[in-house]
Amino acid sequence: MEVLYPVCCGLDVHKQTVVACLISPLPDGQRHKTLNLFATTTGELENLADWLEAAGCTHVAMESTGVYWVRREVAAAIVSH
């Protein structure tokens, strides 16, 4: 399978938390998954954006049931980085 985005992340947005699954390459070419949990406070969303940037993440997919994805703070924190 062709790798299109070497470092990417999936976000599952909830009312009070965001679950992030970062996928990145290992030196041997295997894929490594790292799970992290962030609160939906402004400071924690900034931590999420910093974490993604530090990992070299270039693409993020966001999933949410309900209307929590509408939270502008989640998208704004990521896009501002």
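The values are calculated or read from the model by the stated rules, or taken from the named source; none is laboratory data. Here the structure is a predicted model, which is why all the values come from computation and not from measurement. So basically every Cβ, Gly included, is an ideal-geometry build from the backbone, and we count neighbours across all protein chains shown.
Some points to look at:
- Considering residues of the range 35-69 that are hydroxyl-bearing (Ser, Thr, Tyr) and over 11 Å from the mean Cα position of the chain (by Cα) only, the residue surrounded by the fewest Cβ atoms within 10 Å (Cβ to Cβ): Thr65
- Exactly one residue out of Asp28, Asp12 is modelled with pLDDT under 95, over 10 Å from the mean Cα position of the chain (by Cα) and either in a strand (DSSP E or B) or on the phi < 0 side of the Ramachandran plot (or both), and it is Asp28.
- Considering each residue of the range 24-34 in turn, none proves to be surrounded by 14 or more Cβ atoms within 10 Å (Cβ to Cβ) and closer than 17 Å to Ile78 by Cα.
- Residue check for Glu2: modelled with pLDDT under 95, touching a helix residue (DSSP H, G or I) at 6+ places or on another chain (Cβ under 8 Å) and among the charged types (D, E, K, R): no
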